[in-house]
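Chemist: Structure provided below as structure tokens; questions to follow.
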Amino acid sequence: MVHGEAWTIKELFVYPNEYIYWSIQIVMYPFMTGLVAGAFVLSSLYHVFGVKQLKEIARFSLVFSLALLPVAMLPLLLHLQQPQRGIYVMMTPHFTSAIAAFGIVFTTYGMIVISEIWFVYRRFIVETVLELRSKQRRGNVESAQFFLYSLLAMGAMDLSPEAIHKDERAVGILAGIGIPVACFLHGYAGFIFGSVKANALWMTPLMPVIFICSAVVSGVALCIVTYIIAMEIRKQISAWKRKNDPRLPSNEELRSAEIQTVTLTSKYLLMFMVLAITLELLDLIFRNYTAVKSWDILRSVIYEKDFFKIFVLQYGFGNVLPFIIFLLPGLTIRRALVGSLLVLMGVFMMRWNVVIGGQAFSASFSGFMEYRLPIWPNSLETLKEGLFGALAVIITPFVLFFLVTRVLPVFGVKDTH
Amino acid sequence: MMNRRDFCKKTMIVAGGLVIPLAALEVFNPKRLLAEKSGSDDKSNVRWVFLVDIHKCVGCGFCVKACKVENEVPYDANVTRTWVERYVVTKDGQTAIDSPRGAKDGFTTQKIDQGHLGDKEIDPASIAKAFFVPKLCNQCDNPACVQVCPVGATYQTGDGIVLVDRSWCIGCGYCVMGCPYGVRFFHPVYHVAEKCNFCYHRITKGMKPACVDACPFGARKIGNIRDPEDPVSRIITSEQVNVLKEEFGTKPQVFYLGLSREVK
Amino acid sequence: MKNHVWRPLLIVLVVVCGILMTRALVVPEDFGVYERGYMYGWHRKSNEAEWKAIRVKYKTARVCAGCHKDKHDELIKSVHAAISCENCHGPNYDHPEDPLGMNIDRSRKLCIRCHSYLPYKGTLRGGIPGIDPEKHYPSAECVLCHIPHNPKAMNQKREARS
């Protein structure tokens, strides 16, 4: 079977070679990079602009963006027909292609995030090493820990105030460089689509900007969701621990700190959401008004075929509803959680409507293609580019986050800042 | 503190280590690029072009069959390097278009294939005009598909043919998306981008593409636009020819005689 | 190197060097910019020769005429003169040595490519003698009655005429 045939349904006249070649993994790719970029921008709000109230969530989102980082690449590898050759993008880059820069931008960005985390956690790492070193007898686990943390310290054991101060400055600088790089990483994902002149829906110079704004929106929303869930788990644990040690913070204290952080973060979320929606609507109105050759087919895709996905799921449940949820006075944790989840769904639908919607019509403008997401895999292709492939991509960052926090705990750490 | 000896030693290591990667950077040496570019650009006296005469096509699909066999694209796979479209315009101004399986077995029924909507019957009395349009790669002068390849796996030769390096293509599909003509697809066996190349193995041996040889009606012709004596060149320069989707700025090099406005 | 702040940079340098060295090893010697410049001509030069070396399957009717002059002469006098031998007889490959070549397609499916009637008046197709494949002896092969090398009505096989 030809690639794409398994999930493409053709209607009226479609060129014989046309199929939905960019499927669910290409929906996941901008969605995941968006989360990375958004999480990083959120953490930078604290590190660069000194928004003090975000201290707690800043460290959290920084580590989370590290966990998301490899996952931004995963959907691309699952999508490639020759994944083993993916490295050629860095071997013989052809910079007239928007994809060629991926390897370089991604590596740069990854190094910035990892370096920043190293500086943030250096004090913790060194202290752990010193503590383990001072122990007379070390068990197997502790030996492994000692080895790991010594490796992570890279021999930089200096904890003098000057050294710590240097760490702080390095974090500030890296976070500063990181913002444009994160925006570039994602804006350029938008450019990949926006520059395809053969696709009437994708081709717009607004695409990179729309992608950046919705990226920040989704990244912030995911951080809120994960933060709330992590805090919930923390409350359970501390309630259990408090039985033995009443000095630990009470649930009420935790909760008030939590709602404060969430409320503030959601303000940034709304800000970027307004920007994203404005641009998206501008794009739609502009297409509607200028009504060039492609508008006939685009109109039938936007207003008929994909009406439910665009206007109900994306704009209705993904934008308008969370807007109301966040703006109504007296924001509660539960409401913030629901709102953020809806925002995530909305951004996901936006990616879907761009990637799949852009292939919902033939380049002949005389026919349509419908995408049927493969559920049960009956071949490697439908496994990779089906529901299970997408789920793997969604679950991986949480697994990685869990693993990373075993080494670099996010809560209750005396860090550099 | 680092002493002088240590410093020298380290400098040597760093310098040595940098020499190797700098060698790798050589591919980006602008002078070398320029030399290569100007070296052979003017020498080439061949630029392949194609001419399709829509009036002569009867939709037998022998070209598609020959192409699939000649270029080893599995016959029953629903992708093809070249295909034939049928346009049936009725008196009420509606246009019905189809190309069942790329017309590899020709058009043997009056019914129009509408994909999952099934077949559509058209009353013969209502037909205002009907014609067949063979399609193939346009070997554009500004090939959008080549521009977007991230690794240099697809490229244009000096004589104007766009080829795909099967050992270098990563299969991202960006070129498939970048082509406005829907010419590219993934090869069902090699799993890399695949496209028409005017039968490069034939034309470089002085033969004609398989589709040209298979066409009984002379609807397909190949020529060299750099040769003013070439019969195809003469038609292109002296007669009323047209190209597909000029608005994309791709400068397509497949020319059509009798191209109607309904053609997509 | 006393300042610990530069340590991550060291790792970055190692990674960059690693990438560049892999590139020196992996990228073929002849990968470069050729005739069409960096935008359209960035490729591995030897791939062009690989494409040129693809095996030619259809050898054209001229090659057939070299041995089968009788058949060729018969055909060029008929209305099917324009049809290349290999369209029905299959690609030559290296006939007669190669068993792959010359699989004659005598199927009905082949004939109706042209001879299924389509009501497109004023076009070349509309003028070709055509049948409705669903009504004209649907279960018979065309070659039972018609002679492809000289398909005029009077040349129909004797059994069919009677």
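Any read-out appearing in this document is the output of simple, stated calculations on the displayed coordinates, not a laboratory observation. This is a predicted model, so every value here is computed, not measured. Ideal geometry is used to build each Cβ from the backbone, glycine not excepted, and the neighbour counts take in all protein chains shown.
Chemist: How would you rank B:68-80, A:91-103, highest first, on the average number of other Cβ atoms within 10 Å across their residues? Write down the numbers at each step before the final one.
Modeler: Values: B:68-80: 19.0, A:91-103: 21.0.
Going by the mean number of other Cβ atoms within 10 Å, highest first, we get A:91-103, B:68-80.
Chemist: Which value in nm describes the separation of the simple spin-label points at C:Val15 and C:Ala49, placed 7 Å from the Cα toward the beta carbon?
Modeler: Label-label distance for C:Val15 and C:Ala49, simple model: 3.9 nm.
Chemist: Additional query: Between C:Glu29 and A:Leu327, what is the FRET efficiency for a Förster distance of 45 Å, r being their Cβ-Cβ separation, to the nearest 0.05? Each step should come with its number before you reach the end.
Modeler: Working: r = 63 Å, r/R0 = 1.40.
It comes to 0.10.
Chemist: Cut-off is 10 Å between beta-carbons; in what order do A:Met369, A:Met111 appear when sorted fewest neighbours first? The partial results should precede the final answer.
Modeler: Values: A:Met369 22, A:Met111 18.
Taking fewest neighbouring Cβ atoms as first place, the list is A:Met111, A:Met369.
Chemist: While we're on this one: Beta carbons within 10 angstrom, averaged per residue: use that to sort the peptides C:68-75, A:164-171, A:396-403, highest first.
Modeler: Top of the packing list down: A:164-171, A:396-403, C:68-75.
Chemist: Follow-up. Treat every Asp and Glu Cβ in chain A as -1 and every Lys and Arg Cβ as +1, leave all other atoms uncharged, and give the resulting dipole magnitude about the Cα centre to the nearest 20 debye.
Modeler: Details: 34 positive and 26 negative charges, 196 e Å.
The dipole magnitude comes to about 940 debye.
Chemist: Under 5 Å between amide hydrogens, which residues at least 5 positions from B:Val192 or on another chain qualify, with H placed 1.01 Å from N in the peptide plane?
Modeler: For B:Val192, whose amide H was placed from the backbone, the distant partners under 5 Å are B:His187.
Chemist: Let me check I've understood the local charge: for A:Leu387, count other residues with C-beta under 14 angstrom from its C-beta, Lys and Arg +1, Asp and Glu -1. What total comes out?
Modeler: On the way: positive: A:Arg372, A:Lys384; negative: A:Glu381, A:Glu385.
Counting the neighbours of A:Leu387, the net charge comes to 0.
Chemist: Under a plain spin-label model, where a point goes 7 Å from the Cα along Cα-to-Cβ, how far apart in nm are A:Val292 and C:Lys71?
Modeler: My value for the distance between the label points is 5.5 nm.
Chemist: For the range C:4-52, which semi-axes, largest first and in whole Å, follow from the square roots of 5 times the eigenvalues of its Cα gyration tensor? Kindly include the intermediate steps, with their values, before the conclusion.
Modeler: Values: eigenvalues 249, 31, 6 Å².
Its equivalent ellipsoid spans semi-axes of 35, 12, 5 Å.
Chemist: Over what distance in Å are the Cα centres of the range A:353-405 and the range B:165-231 separated?
Modeler: Cα centroid to Cα centroid, the span is 31 Å.
Chemist: Taking the Cβ-Cβ separation of A:Thr263 and A:Thr405 as r and a Förster radius of 30 Å, what is the calculated FRET efficiency to the nearest 0.05?
Modeler: 0.75
Chemist: What list do you get for C:Ile131, A:Ile224 if you sort them by fewest beta carbons within 10 Å? Don't skip to the end; give the middle numbers.
Modeler: Working: C:Ile131 15, A:Ile224 27.
Ranked by crowding around the Cβ, least crowded first: C:Ile131, A:Ile224.
Chemist: Out of the range A:215-298, which trypsin sites (Lys or Arg not before Pro) are coil in DSSP terms and have no more than 15 other C-beta atoms within 10 Å?
Modeler: Values: sites: A:Arg234, A:Lys235, A:Lys241, A:Arg242, A:Lys243, A:Arg247, A:Arg255, A:Lys267, A:Arg287, A:Lys293; in loops: A:Arg242, A:Lys243, A:Arg247, A:Lys293.
Those satisfying the criteria are A:Arg242, A:Lys243, A:Arg247, A:Lys293.
Chemist: Please name whichever of B:Gly171, C:Leu9, A:Val262 sits farthest to the positive end of the charge dipole of the protein assembly as shown, dipole taken about the Cα centre and charges placed at Cβ: Lys and Arg +1, Asp and Glu -1.
Modeler: Highest projection toward the positive end goes to C:Leu9.
Chemist: Would you kindly give the portion of the calculated P(r) for the protein assembly as shown that falls above 36 Å, as a percent of all Cα pairs? Walk me through the numbers before you get to the answer.
Modeler: Working: 198269 of 354903 pairs.
Within the protein assembly as shown, distances greater than 36 Å cover 56 percent of Cα pairs.
Chemist: Right, here's the next one. Starting from the Cα-Cα distance between A:Leu341 and A:Leu391, subtract it from 0.36 nm times their residue separation and give me the gain in nm to one decimal.
Modeler: Numbers: separation 50, 0.36 × 50 = 18.00 nm, distance 1.63 nm.
Full extension of this stretch gives 16.4 nm more.
Chemist: Would you tally the net charge around B:Gly249, using a Cβ to Cβ cut-off of less than 11 Å, leaving B:Gly249 out, and scoring K and R as +1, D and E as -1? Let's see the in-between values first.
Modeler: Values: positive: A:Lys197, B:Lys245, B:Lys251; negative: B:Asp141, B:Glu246, B:Glu247.
That sum, taken over residues with Cβ under 11 Å, equals 0.
Chemist: So for the range B:195-264, if I pair up every lysine 8 or more residues apart or on another chain, how many of those pairs have alpha-carbons under 18 Å apart?
Modeler: Numbers: B:Lys195/B:Lys208; B:Lys195/B:Lys251; B:Lys205/B:Lys221; B:Lys208/B:Lys221; B:Lys245/B:Lys264; B:Lys251/B:Lys264.
Step by step, the pairs that qualify in the range B:195-264 add up to 6.
Chemist: Under a crude label model (7 Å from the Cα following the beta-carbon direction), how far is C:Tyr137 from A:Asp245 in nanometres?
Modeler: 9.7
Chemist: Run a plain Debye calculation on the range B:144-194 (Cα atoms as equal point scatterers, no solvent) and give log10 I(q)/I(0) at q = 0.14, 0.15, 0.30, 0.31 Å⁻¹, rounded to two decimals, same order as the q list.
Modeler: The Debye formula, applied to the Cα set alone, gives -0.29, -0.34, -1.30, -1.36.
Chemist: Hey, got the average number of other protein chain Cβ atoms within 10 angstrom for residues in C:57-70?
Modeler: 2
Chemist: Hey, another quick one. Counting helices only, and only those DSSP H runs with n ≥ 4, report the 222 nm mean residue ellipticity of chain A as the sum of -39,500 (n - 2.57) divided by its residues, in deg cm²/dmol to the nearest 500. Don't jump to the answer; show the numbers that get you there.
Modeler: Working: 13 runs with 270 residues, N = 417.
After summing the helix terms and dividing by the residues of chain A, the value is -22500 deg cm²/dmol.
Chemist: Just add up the charged neighbours of B:Cys145: K/R +1, D/E -1, any other residue whose Cβ is under 10 Å from the Cβ of B:Cys145.
Modeler: Details: positive: B:Arg184, B:Lys195; negative: none.
Result for the neighbourhood of B:Cys145: +2.
Chemist: Using Stokes-Einstein with the Kirkwood hydrodynamic radius over Cα pairs, what translational diffusion coefficient do you get for chain A at 20 °C and a viscosity of 1.002 mPa s, in µm²/s rounded to a whole number? It would help to have the intermediate numbers written out before the result.
Modeler: Values: Rh = 23.1 Å.
Value of D from the Cα-based Kirkwood radius: 93 µm²/s.
Chemist: May I pose another question? Between B:Lys251 and A:Phe308, how high is the FRET efficiency from 1/(1 + (r/R0)^6) when r is the Cβ-Cβ distance and R₀ = 45 Å? Nearest 0.05. Display every interim value, and only then the final one.
Modeler: Details: r = 41 Å, r/R0 = 0.90.
After rounding, the FRET efficiency stands at 0.65.
Chemist: Give the peptides B:254-262, B:56-64 in descending order of average Cβ contacts within 10 Å, highest first. List each step's numbers first, then the result.
Modeler: Values: B:254-262: 17.2, B:56-64: 26.6.
Highest-to-lowest ranking by the protection proxy: B:56-64, B:254-262.
Chemist: Let me ask another. Using Cα pairs closer than 8 Å and at least 6 residues apart in sequence, work out the relative contact order for the range B:144-194, in percent. If you can, show how the numbers build up before the last one.
Modeler: On the way: 71 pairs, mean separation 16.9, N = 51.
Relative contact order, the range B:144-194: 33 percent.
Chemist: Within the range C:107-142, which residues have the backbone N less than 12 Å from the label spot 7 Å out from C:Gln156 along Cα→beta-carbon, could you tell me?
Modeler: C:137
Chemist: Separate question: Take the alpha carbon atoms of the range C:1-85, find their radius of gyration, then divide it by 2.2 N^0.38 Å using N residues; give the quotient. Write down the numbers at each step before the final one.
Modeler: Values: Rg = 29.2 Å, N = 85, 2.2 N^0.38 = 11.9 Å.
Taking the Cα Rg and dividing by 2.2 N^0.38 Å, one obtains 2.45.
Chemist: What Rg and what Dmax come out for the range B:92-227 when only alpha-carbon atoms are used, in angstroms?
Modeler: 17.9, 54
Chemist: I'd like the distance between the alpha-carbon centres of the range B:44-104 and the range C:31-71, rounded to an integer number of Å.
Modeler: Here the answer is 21 Å between Cα centres.
Chemist: Something else: What is the average number of partner chain Cβ atoms found within 10 Å of a Cβ in C:3-13?
Modeler: On the way: counts 4, 12, 10, 2, 8, 12, 2, 1, 5, 6, 4.
Whole-number average of other-chain Cβ neighbours for C:3-13 is 6.
Chemist: Hey, got the average number of other protein chain Cβ atoms within 10 angstrom for residues in C:88-99?
Modeler: On the way: counts 1, 0, 1, 6, 0, 1, 0, 0, 0, 0, 0, 0.
For this peptide, the per-residue mean of nearby foreign Cβ atoms is 1.
Chemist: Only sites in a loop by DSSP and with at most 15 other Cβ atoms within 10 Å count here; which trypsin sites (Lys or Arg not before Pro) in the range B:176-226 make the cut?
Modeler: When the trypsin sites (Lys or Arg not before Pro) of the range B:176-226 are filtered for loop state and at most 15 Cβ neighbours within 10 Å, B:Lys205, B:Arg226 remain.
Chemist: Shifting gears a bit: Report the residues of the range B:226-256 in range of a label on B:Ser44: point 7 Å along Cα→C-beta, backbone N strictly under 14 Å from it.
Modeler: Output list for this probe position: B:226-227, B:253.
Chemist: Would you work out the charge dipole size for the range B:122-199 about its Cα centre, treating the Cβ of every Lys and Arg as +1 and the Cβ of every Asp and Glu as -1, and quote it to the nearest 20 debye? Before the final figure, lay out the partial values.
Modeler: Numbers: 5 positive and 5 negative charges, 22 e Å.
With only Lys, Arg, Asp and Glu charged at Cβ, the dipole is about 100 debye.
Chemist: At a threshold of 8 angstrom on Cα-Cα distance, excluding pairs fewer than six apart, so keeping six or more, what relative contact order does chain A reach in percent? Mind showing how you got there, number by number?
Modeler: Details: 553 pairs, mean separation 124.1, N = 417.
Once normalised by length, the contact order is 30 percent.
Chemist: Working from the pairwise distances between different alpha carbons, so that the mean of 1/r is found and then inverted, what is chain C's Kirkwood radius in Å? Please list the in-between numbers first.
Modeler: Values: mean 1/r = 0.0454 Å⁻¹.
Kirkwood hydrodynamic radius for chain C: 22.0 Å.
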